[in-house]
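*Asks:* Structure below; questions to follow.
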Amino acid sequence: MDEHCFYCFEVLHEALVPDFRPLPAAGDAFARIGNSEGFPLFITWNIAAKGGSRTAKHPRLRGCVGNFKPQPLRDGLCVYAKHSAFDDYRFNPITKDELPRLSCGVSLLVDFEPADDYLDWE
């Protein structure tokens with residue numbers, strides 16, 4: 001949902017810009033994100049290339065961290081938006097200068113089913 005990504009951007013912006021004030025519309029979007037239902041989730045940050053290079057159409061991974069343990073949605077989005085931005089060991093922490101080129105993806109993992117082994121899928 002768009003408000004999940006919007007919330008992650010607000011969390012990241014607040015962490016990077018000390019005097020940041022959320023947009024007025026943020027309150028409405030955040031109110032729609034419940035905190036009672038738990039979800040396993042992953043937050044993915046991608047970044048567009050600078051300028052008009054041929055790779056500009058293909059953003060590259062900038063961070064992706066999540067958890068398979070269900071947790072309250074709003075809390076999980078907040079925690080993993082920051083973890084994926086600052087603690088993904090494969091990348092340097094995201095900086096304020098990268099904000100305009102970032103895109104965010106939120107994956108809520110649902111409908112798990114038991115499996116006999118890792119090859120047991122369709």
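The values are calculated or read from the model by the stated rules, or taken from the named source; none is laboratory data. What you see is a predicted model, and the numbers here were worked out from it, not measured in a lab. So basically every Cβ, Gly included, is an ideal-geometry build from the backbone, and we count neighbours across all protein chains shown. Quick note on the areas: whole protein, heavy atoms, side chains included, nothing else; ligands and nucleic acids left out. Shrake-Rupley method; radii C 1.70, N 1.55, O 1.52, S 1.80 Å.
*Asks:* Using the Cβ atoms and a cut-off under 11 Å, what net charge is assigned to the surroundings of Phe9, where Lys and Arg are +1 and Asp and Glu are -1?
*Replies:* Summing Lys and Arg as +1 and Asp and Glu as -1 gives -4.
*Asks:* Within a Cβ distance under 14 Å of Asp75, other residues only, what is the Lys/Arg minus Asp/Glu net charge?
*Replies:* Computed value for this residue: +2.
*Asks:* Separate question: Rounded to the nearest 10 Å², what accessible area does Lys82 have for a 1.4 Å probe in the complete protein model?
*Replies:* Approximately 80 Å² of Lys82 is accessible to the 1.4 Å probe.
*Asks:* Can you tell me which of 58-69, 87-98, 109-120 comes out highest on packing, and rank the rest after it, using the mean Cβ neighbours within 10 Å?
*Replies:* The densest-packed peptide leads the list: 58-69, 87-98, 109-120.
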